[in-house]
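**Q** Right, I'll just put the structure down here and ask away after.
Read-outs: derived from the displayed coordinates by stated rules, not from any lab. In this text, all values refer to a predicted model and were calculated from it rather than measured experimentally. Here Cβ is always computed from backbone atoms with ideal geometry, including for glycine, and neighbour counts include all displayed protein chains.
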Amino acid sequence: SLTSQTSRTSIKFPPQLASVSLTNQLSPEQKQKSVSSLALSNCSVPWCHQEASVLQKMEHKRKHSLKENFNENENKESMSLKRKHITSNNLSETTSKHRTLEEDEEEAEGCLNSGNSSAFENHLCDIRYLEDLEKNQLIEMLKQAAALVVTVMYKDGSTQLRTDQATVSSVKGIVILLKSQVEEGSGPLDASASDGILEEFISDDRYIYIKIEQSSIWGQEQDIHTQFARKVLLQTLKCKCPVICFNAKDFVRAVLQFLGDDGSWKQVAGFVGLDPRIAAWLIDPGDTVPSFEDLVAKYLEKSITVKVNSTYGNSPRNIVNQNVCVNLRILYSLMMDLCSKLKVYGLWQLFCTLELPLIPILAVMESHKIQVNKEEMERTSALLGSRLKELEQEAHFVAGEQFLITSNHQLREILFGKFKLHLLCQKKTLAKTALQKSPSTSEAVLNVLQDLHPLPKIILEYRQVHKIKSTFVDGLLACLKKIKGFISSTWNQTGTVTGRLSAKHPNIQGISKHPIQITKPQNFKGKEDEVLTISPRTMFVSAKGHTFLAADFSQIELRILAHLSGDPELLKLFQEPERDDVFSTLTSQWKDIPMEHVKHADREQTKKVVYSVIYGAGKKRLAACLGVTVQEAAQFLESFLQKYTKIKDFAQATIAQCHQTGYVASIMGRRRPLPRIHARNQKLRAQAERQAVNFVVQGSAADLCKLAMIHIFAAVACSPTLTARLVAQIHDELLFEVEGPQVPEFAALVRATMESLQHVQALELRLQVPLRVSLSAGHEWGCLAPLQEALGPA
């Protein structure tokens, strides 16, 4: 394993990070190995003196200045083959003319610093202008570096460290700080840092710039640069030393775009990047999207002002580039500080074994496009739009007046002011709004009222159709405009407090698997009153020659609840030979009725009660979900917990531990602080108690799903033949796109890998219940069939 030694603490990387192997499996011998001698604090750099002497001789041969011109609008003749250095800044008064990454039409004259013997020292060196010997030296420097600090630079001069990431321009290049050793003394960041500018650069630090923006005018030079840039980036990705990057996923995605879609994703599979945003999120899960500036202010002890928003539009170019270099050093210091804190909080192993390996996985997922049937989606949008207009007209007719159908206030006036429906359902207590204490117009209330008047039923269908149209049809069409005929979600690793992944643009996780049925609009062809089935998932189609394969952890949260509670009845349910329907068996156990007498309604009721316990829904939400009174819901909960007494004991023990420590933890050590557990307000305290139980179960399920992603991704990356791509993660379900002939082999790999996570020796994970995975396949996501049916007869 690697060791990163700072002045604050020793940071030992688990063996998973040191190994080039992608198996993520450790033997006990590996686990017990002592820390490698590769330490940042004493990393020897034998190339240093060699490099100086070689480059000094080369410098004597250069007696003329080098012209600098990076304007892409210049013709080929203006692009000199002469070697150029690009200085980020040199604050010494004895330094000769500075060089900057200038892209304007002005020519800048510059000469080499007479006192410098290295092409890289105190420079932001553009690798396009290195000679062959210097290129070799750079590769050796990357191999020998004690740490690399990386950021993506955009066309306007901003970087990933910019506060407002929504306004960044297209990617231009990548800046890397190569650290040969850790600074001794007061700490990783020199005390002279003030207003974001350091008095001087550490002489052993090197800064390089890699242009990855494609240019058509370079010709052969462009090809040579591209080949060397690929070599540098691939060396960076497989580097054994710590690689630090804020929003590392975006860096990997930028590299993937540069490498091209030629199977190169397997080359990034082993990348391990230390991301301070992820580290900070593990420490404080409630802080999901902090900026670099926020984290510096929150975690670094010294008063440091970072300048992250300077661009070529508001600052001189040499100042912009100088700030980039300074910020990279601050980023290094920040990461070292967070690493120390992760170890103190017991989160280091979780960070290294579960979160860091996900970075390249998510980048690869974002670089893969899923095909969508655009014509069918546009037809569906028009159909749903017509149905919405009809429903609006029906609502106005039965209400006897026109009103804004999306206005809860106007709807409330009609339902309860005009028709006084709340007086007609005296047996059931209707929910009220939190502020005005007026009768609610929620789905649960409308379900209660729909037998009393036709309007509530119309409103329910309108809302359902409107949600499908606006979110899952028109929302997807908006994403299709960016990438014609395809979508690719953006995945957020730090977007939830439970550890679950989240997605946006589009939110593919929110697309329901359950189709809706609507009455055919009158202006569409077909039989009158014909019922149409709408399923947005059917519009996602696999690529030619490929098949979708979905792998779903069966009852994962219920199994985790059985493991954590140790309830003998629940354990028996899963440890005995597998039953076809777990919830029917559970219903039979709970209500003490024969299996053959269990009705669908009974099964659904049991399922909702179970998940209300897991999610900490409480009796009021359960009542609304079941369509019963709060008293009846409370009786259901109490009856269930009396049957499965260990579940109640587990919940009470979890809450007691949270009261004592202020946080709860998942099976893999993920933490969620819950300060409201000590609130004087009883409602806030009760909410925190429900969140505590929910987190332990749901957070543990999220851990297992991430672990499954990592192991399967690693297995495919190592395989010389398998090409399957993970395209989406819908909480406890993984969706892959697989070449048709590879489906049987890959399906077997997926099932074996996911079910083997019951016991993971390297992580000391041993569940009391087996894990089961259901597999389905098909060419449309919404029409997947059980695997054996999809494959057909042998």
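**Q** Greater than 22 Å separation of Cα atoms is the criterion. Which listed pairs, K249/K484; K469/K525; K469/K520; K135/K238; K179/K240, meet it? List each step's numbers first, then the result.
**A** On the way: K249/K484 24 Å; K469/K525 20 Å; K469/K520 15 Å; K135/K238 18 Å; K179/K240 13 Å.
Distance filter (> 22 Å) returns K249/K484.
**Q** Continuing with this model, one more query. Which length gain, in nm to one decimal place, applies between Q214 and K591 when the Cα-Cα distance is subtracted from 0.36 nm times their residue separation?
**A** Contour length minus Cα-Cα distance gives 129.0 nm.
**Q** In addition: I need the GluC sites (Glu not before Pro) found in the stretch 699-794, filtered to DSSP loop residues with at most 16 other beta carbons within 10 Å of theirs.
**A** E764
**Q** Just want to confirm a number: the relative contact order over the stretch 559-699, from Cα pairs under 8 angstrom separated by 6+ residues, in percent. Write out the running numbers ahead of the final one.
**A** Details: 144 pairs, mean separation 32.1, N = 141.
Relative contact order of the stretch 559-699: 23 percent.
**Q** Can you tell me which of 682-690, 534-542 comes out highest on packing, and rank the rest after it, using the mean Cβ neighbours within 10 Å?
**A** The packing order, highest mean first, is 534-542, 682-690.
**Q** Next up: Using Cβ contacts closer than 10 Å as the measure, can you line up M595, M365 from fewest to most?
**A** Sorted ascending by nearby Cβ count, the order is M595, M365.
**Q** So, R0 is 41 Å and r is the distance between the beta-carbons of S386 and Q682; what FRET efficiency does that work out to, to 0.05? Can you show the working numbers first?
**A** Values: r = 50 Å, r/R0 = 1.21.
My answer for the efficiency is 0.25.
**Q** Report ³J(HN,Hα) in whole Hz for each residue of the stretch 221-237, in order, from the Karplus equation J = 6.51 cos²θ - 1.76 cosθ + 1.60 where θ = phi - 60°; Gly and Pro get x.
**A** These are the phi-based 3J(HN,Hα) values: 4, 4, 4, 5, 5, 4, 5, 6, 4, 4, 4, 5, 5, 5, 5, 5, 5 Hz.
**Q** In nm, to one decimal, how far is the modelled label at T723 from the one at A543, with both set 7 Å along Cα→Cβ?
**A** 0.7 nm
**Q** For a quick check: sort D474, D581 by the number of other beta carbons within 10 angstrom, fewest at the front.
**A** D581, D474
**Q** Suppose R0 equals 30 Å. What FRET efficiency, 1/(1 + (r/R0)^6) with r the Cβ-Cβ distance, do E375 and R463 give to the nearest 0.05? Numbers along the way, then the final one.
**A** Working: r = 27 Å, r/R0 = 0.90.
Here the calculated transfer efficiency is 0.65.
**Q** Further, regarding this structure: Among F553, F246, which comes first, second and so on when ranked by fewest other beta-carbon atoms within 10 Å?
**A** Ranked by crowding around the Cβ, least crowded first: F553, F246.
**Q** So how far apart, in nm, are the two label points at K620 and L133 if each is 7 Å from Cα heading toward Cβ?
**A** With each label point 7 Å from Cα toward Cβ, the separation is 7.8 nm.
**Q** Just to confirm the filter: which GluC sites (Glu not before Pro) across the stretch 338-435 are DSSP coil and have at most 12 other Cβ within 10 angstrom of their Cβ? The partial results should precede the final answer.
**A** Numbers: sites: E355, E366, E375, E376, E378, E390, E392, E394, E401, E413; in loops: E401.
Within the stretch 338-435, the qualifying GluC sites (Glu not before Pro) (loop, at most 12 other Cβ atoms within 10 Å) are E401.
**Q** What full-extension length gain, to one decimal in nm, is calculated for T471 and Q522 as 0.36 nm per residue of separation minus the Cα-Cα distance?
**A** Working it through step by step, the gained length comes to 16.0 nm.
**Q** Using label points projected 7 Å from each Cα along Cα→Cβ, tell me how many nm separate D649 and D223, to one decimal.
**A** Going by the 7 Å Cα→Cβ label model, 7.4 nm.
**Q** Compute the FRET efficiency between E745 and L423 as 1/(1 + (r/R0)^6), taking r as their Cβ-Cβ distance and R0 = 60 Å, and round to the nearest 0.05.
**A** Calculated transfer efficiency: 0.40.
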